[in-house]
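Here the structure comes first, spelled out in structure tokens, and everything after it is commentary.
The values are calculated or read from the model by the stated rules, or taken from the named source; none is laboratory data. Remember, predicted model here, so these are calculated numbers, not experimental data. Backbone-built Cβ (ideal geometry, glycine too); neighbour counts: all protein chains shown. The protein model used for the area step is the full one, side chains on, heavy atoms only, and it has no ligands, DNA or RNA in it. Shrake-Rupley method; radii C 1.70, N 1.55, O 1.52, S 1.80 Å.
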Amino acid sequence: MKLNWISTASALALAVSTALHADVLPSYQTDNTWYADAQTKLAEKLNTNNQFKAKNVILFVGDGMGVSTLTAARILQGQQAGNPGEEGYLSFETFPHTAHVKTYNVDAQTPDSAGTMTAMMSGLKTDVGVIGVNENIERGDCSTVTGNEVSTALELAEIKGMATGIISTARITHATPAATYAKSADRNWEDISDMPEEAVTAGCTDIADQLVNFESNLEARFTGVDVDGLEVVMGGGRRHFLPKDAASNSADAVSEVEGDRTDERNLVTEWQDMYTNGTYVMDQAGFDAVDAATTTRLFGLFNESHMQYEADRANDVAGEPSLTDMTSKAIDVLDNNDNGYFLMVESGRIDHGHHAGSAYNALTDAIELSNAIQAAVDSTSSEDTLILVTADHGHVFTIAGYPKRGNPILGKVVSVGATEPALAADEMPYTTLGYTNGNGFHDLGDETDADASYSEELAAGRMNITDVDTTTSGYHQEALIPLSSETHSGEDVALHASGPGSQLVQGVVEQSVVFHIIEQALDLIQE
């Protein structure tokens, strides 16, 4: 009954508005699809029958996916489909519940991924650059780790008997994925060669080692606990698992010696010896051959370092699965467990595209994340699966000027009623998208690897882009302040939620609240 007066009033307003403005509104604004969508979302928000407990939770993290990135990616996605762009939605922007999340670290106004992801995984904010430990840690000091470890949602899910999985397009030992399973005084200790000798001598272990030995490490921390370890791990970062010996190179190695480990250990073979029923894959063919129905454990390392940008994925030596493919496969493997599952999926290269000053790469990876989330929605039920989508932090990425509706989001600003680019006070055109700081302008044509800009000279400040096609994949936006790499921002990020327990996602919250939403949905903390 409560919806009747809302529906009637809304319908009347729609009819009046359409009648008055039908002669000036384009077709995509005068049809009733947006109205039906709005009514559906309203009904979902007012539904009092929603449950608060979930069987499964999937946490998607768009690394560096601030609010301006969401807006620009939404527009680009629409324009790639032949629409003006502004009227569309990324898949998760249709979720019924949304909040703003404060991203600061305990010791930093503008955060990094280690501290932010630790907050989301543990419910406790911590310092910049440390993983799985509280604020009492001293970064880089191994002796301060013991006693300051925090428990993560993934670990608690393991203890509860749930299936667990981690996916990242970055190195799987990078800060965001590592915060689900590792305890480290420094996010950079990805393998033993990255660690100071005193830390190794003091007994601290590298992040790759902690991933492979996750099961035994967790059992050692909690007396009487018996877990079965991670069921799904997929990402990049193979170099941190292999010895510094060319004989251990993978078939698609791009370095003369692929491995970085200086302790002569091959953690891939150690994992295979530990889990004889597991499947290890390192390329597209191996991934495609995995039968999710019969696979009990899957370990995929698809690149020596980070996986490719989505736009550059076709150029990989041996082929890589997309984030959508990995997400779908992971769900199919994890849901073999009747006790439910916890899955963390990171789109890590949104962040890297921004650091390189490439809006094109950052936005196309954000669109692929949206595709992966839609695949998860299609593969699960909103009755038993809570899906959360957020970012660890934003970037100093702006949408500026006064471009007309439907103007190419990657293009130069063209004002309302105009056909030629607007000129700034210096008599030169400028783009809608830009960065406050970073490496600056580069015109690399059809290059699809944003990182190619790092081999170019720093070129911050204004450039004459009159004859430059700024919509190409290799264009890097101008930046005001010259830095070798663009930086994170301190802005709030969005949190979108659907499924049991999503009702708690509202308002402005601390980043640590993400953990508590997951915990209450799964009842992870046992008395």
**OP:** Could you check the simple spin-label distance between residue 280 and residue 400, using points 7 Å along Cα→Cβ, in nm with one decimal?
**Re:** 4.9 nm
Original post:
Whole number please: convex hull volume per residue of the Cα set in the stretch 336-479, in Å³?
Top reply: 144 Å³
Original post:
How large is Rg/Rh for the stretch 167-261, to two decimals, with Cα atoms and a Kirkwood Rh?
Top reply: 0.99
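What does the accessible area per residue of the stretch 363-483 come to in Å², with a 1.4 Å probe and no ligands, DNA or RNA counted? Spell out each step's value before the answer.
On the way: 5120 Å² over 121 residues.
Spelled out: the 1.4 Å probe surface of the stretch 363-483, per residue, equals 42 Å².
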**OP:** Run through every distinct alpha carbon pair of the stretch 252-297 and return the Kirkwood hydrodynamic radius in angstroms, one decimal place.
**Re:** 12.6 Å
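Using the C-alpha gyration tensor of the chain, what are the square roots of 5 times its eigenvalues, in whole angstrom, with the largest one first? Present the calculation step by step, with values, prior to reporting the outcome.
On the way: eigenvalues 294, 181, 88 Å².
Result for the chain: semi-axes of 38, 30, 21 Å.
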**OP:** Towards the positive end of the charge dipole of the chain, with charges on Cβ (+1 Lys, Arg; -1 Asp, Glu), say which of 436, 136, 233 has the farthest Cα.
**Re:** 436
Original post:
On a 0 to 90 degree scale, rounded to 10, what angle separates helix 359-379 from the longest Cα axis of the chain?
Top reply: 80 degrees
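When the Kirkwood radius is taken over all Cα pairs of the stretch 223-368, what Stokes-Einstein diffusion coefficient follows at 37 °C and 0.692 mPa s, in µm²/s? Walk me through the intermediate numbers first.
Values: Rh = 16.5 Å.
My calculation gives 199 µm²/s for D.
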Original post:
If you roll a 1.4 Å probe over the chain with all protein chains in place, what percent of the accessible area is carbon or sulfur?
Top reply: 51 percent
Original post:
Hey, what angle do you get for helix 323-334 against the long axis of the chain, alpha-carbon based, 0 to 90 degrees rounded to 10?
Top reply: 50 degrees
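Calculate, for residue 53 and residue 109, the FRET efficiency according to 1/(1 + (r/R0)^6) with r their C-beta to C-beta distance and R0 41 Å; round to the nearest 0.05.
Values: r = 36 Å, r/R0 = 0.89.
For R0 = 41 Å, the calculated efficiency reads 0.65.
Determine the dipole magnitude for the chain: charges of +1 sit on the beta-carbon of Lys and Arg, -1 on that of Asp and Glu, nothing else is charged, the reference point is the Cα centre, and the result goes in debye to the nearest 20. Show your work: numbers first, answer last.
On the way: 27 positive and 79 negative charges, 405 e Å.
I would put it at about 1940 debye.
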Subject >> Whole-number D in µm² s⁻¹ for the stretch 295-344, Kirkwood Cα-pair radius fed into Stokes-Einstein, 37 °C, 0.692 mPa s >> reply: 264 µm²/s
Original post:
Quick one: which of 102/244; 329/412; 125/404; 55/102; 55/183 span more than 31 angstrom between C-alpha atoms?
Top reply: 102/244; 329/412; 125/404
**OP:** Taking only protein heavy atoms into account and a 1.4 Å probe, give the accessible area per residue of the stretch 98-176 in Å².
**Re:** 29 Å²
Original post:
On alpha-carbon atoms, Rg over Rh for the stretch 422-527 using Kirkwood Rh?
Top reply: 1.21
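In deg cm²/dmol and to the nearest 500, what is the mean residue ellipticity at 222 nm of the chain if only DSSP H runs of at least 4 residues count, each as -39500 (n - 2.57), divided by the residue total?
Values: 16 runs with 155 residues, N = 527.
Here the helix-only value at 222 nm equals -8500 deg cm²/dmol.
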**OP:** For the stretch 246-325, restrict the atom set to alpha-carbon positions and state the Rg and Dmax in Å.
**Re:** 13.5, 38
Original post:
What number comes out for the charge environment of residue 441, summing +1 per Lys or Arg and -1 per Asp or Glu over other residues with Cβ under 12 Å away?
Top reply: -3
